[in-house]
Amino acid sequence: MANVEVSIITAAYNAEKYIADTIESVQKQTFSNWEYIIADNGSTDRTVEVVKRFLSDLRIKFISEPRKGKSFARNAAFVNSQGKYIANIDADDLWRPDKLEKQVALLRADFSVGLVYTGAILIDAQGKTRSVCTPADISRKPLHYLLTVGNPIIHSSVMIRREVFSDGKYQDETIERVDEQIVYLKTCLMFGKMGFISEPLTSYRVHIESEHSKGSVRGFCAGYEKGLTKFFQRSSLPKEIEQLKRPAYGTMFYLSASVGIQQKKELGLCALYLLKSAWLRPSKIHYCMAQFGKLILSAFGQSQEERT
């Protein structure tokens, strides 16, 4: 497609239950100058068969990739894209019809905005609404928030200027856990602002077993640390960003511990991470104390279960 404005990418793996609804939500967009590249990530179900039913729409392209991981599939889709704006939608999520139209309008109006994200509706496996999610508006100080508080952005809601991906890749394939957050940090370094649309233009499917629950707490922290280390190794970071290094690592330990406490696993390691977090960002020690309370309750509950 010549002069396509928005390239939409999806990494699909065993998504036969949801991918048709995802594609249809793209086709219903009121903004029509888009292309949609779906990269299958080695599916073993009927995902490929379902996607091929939609290829009569010439705006939709399909790529078959071996099972390497989500980042590899997204990169394959990105390499085959040509739009000036890149929008990701996961293979089980949905968009409201005016989602692209509103984001494109914002990016056209302000060239200092590198990324636009939106509010979302959280849906369950059956597509029923669980709640409405209005993420924090981090548009004023996005770098500070991402490094020292966390990542509130739902990735299926983002639209990003193509210039952010000057290295030819959508994501760093060597980084797990915070791979999407690194994309946002790169965007902040290149562009001064983020755009935020609070309306729930995205439906994000929440499954019983989250990505966090599949791995270890130590693994989550290691992936997070790798991403942060690569970010702070960038040459000529502004001095005010360099000064965020210590609290950024403190946030890493805090969030890693929070994942473990929520999942009630590796609680001893979680306690160590909370101590490290309190040392690295003493101004946030009250948050660590609150998490210690939750940790103690979780450990006590486990002890009671073992006795019975």
(message) What does DSSP give for the chain in terms of the percent of beta bridges that are antiparallel, rounded to the nearest 5?
(response) 30
(request) Give the long-range amide H neighbours of E16: residues separated by 5 or more places, or on another chain, with amide H under 5 Å away, using H modelled in the peptide plane at 1.01 Å from N. (result) R46, T47
(request) Using only Cα atoms, locate the centre of the stretch 96-147 and the centre of the stretch 227-251, then give the distance between them in Å, rounded to an integer. (result) 25
(message) Under 10 Å, Cα contacts only: if you run a Gaussian network model on the chain, which one of I60, I175, I241 comes out with the highest mean-square fluctuation?
(response) I241
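Please compute the Kirkwood hydrodynamic radius over the stretch 54-138, one decimal place, Å, based on all pairs of different Cα atoms.
Details: mean 1/r = 0.0637 Å⁻¹.
Taking every pair of different Cα atoms in the stretch 54-138, averaging 1/r and inverting gives 15.7 Å.
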(message) Can you tell me which of S277, S157, S166 moves the most in a GNM of the chain? Springs connect C-alpha atoms under 10 Å apart.
(response) S166
(message) So I have (1) 28, 47, 21, 4, 0; (2) 31, 57, 12, 0; (3) 17, 37, 26, 14, 6, 0, and one of them is P(r) over Cα pairs in 20 Å bins from 0, in percent calculated from this model. Which one is it?
(response) (2)
(message) If I fit a long axis through the Cα atoms of helix 267-280 and take the longest principal axis of the Cα atoms of the chain, what angle between them do I get, 0 to 90°, rounded to 10?
(response) 90
(message) Let me check against my output: what whole-number percent is the relative contact order of the stretch 214-307, with C-alpha pairs under 8 Å and at least 6 apart?
(response) 27
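With the cut-off at 32 Å, tell me which of the pairs K141/K169; K68/K294; K52/K193; K128/K169; K128/K230 have Cα atoms farther apart than that.
On the way: K141/K169 25 Å; K68/K294 36 Å; K52/K193 38 Å; K128/K169 35 Å; K128/K230 39 Å.
Those over the limit are K68/K294; K52/K193; K128/K169; K128/K230.
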(request) For a footprinting-style exposure proxy, rank E242, E266 by other Cβ within 10 Å, fewest first. (result) E242, E266
(message) For a quick check, take a GNM of the chain with Cα springs below 10 Å and name the residue from Q27, Q181, Q243 with the largest mean-square fluctuation.
(response) Q243
(message) Explain nothing, just compute: Karplus ³J(HN,Hα) = 6.51 cos²θ - 1.76 cosθ + 1.60, θ = phi - 60°, for every residue of the stretch 165-181 in order, whole Hz, x for Gly and Pro.
(response) 9, 5, 7, x, 10, 6, 9, 7, 6, 8, 10, 10, 6, 10, 4, 6, 4
(request) Treat every Asp and Glu Cβ in the stretch 155-289 as -1 and every Lys and Arg Cβ as +1, leave all other atoms uncharged, and give the resulting dipole magnitude about the Cα centre to the nearest 20 debye. (result) 360
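Which ordering of L100, L115, L58 is given by a fewest-first count of other beta-carbon atoms within 10 Å? Before the final figure, lay out each step's value.
Details: L100 24, L115 27, L58 8.
Exposure proxy ranking, most exposed first: L58, L100, L115.
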(request) Quick one: angle between helix 99-109 and the longest Cα principal axis of the chain, in degrees between 0 and 90, rounded to 10, please. (result) 90
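At a threshold of 8 angstrom on Cα-Cα distance, excluding pairs fewer than six apart, so keeping six or more, what relative contact order does the chain reach in percent?
On the way: 554 pairs, mean separation 50.9, N = 308.
Normalised by residue count, the contact order of the chain is 17 percent.
Just so you know, all these numbers are worked out from the coordinates, no wet-lab data involved. What you see is a predicted model, and the numbers here were worked out from it, not measured in a lab. All Cβ positions, even for glycine, are placed from backbone atoms using ideal geometry, and neighbour counts span all protein chains on display.
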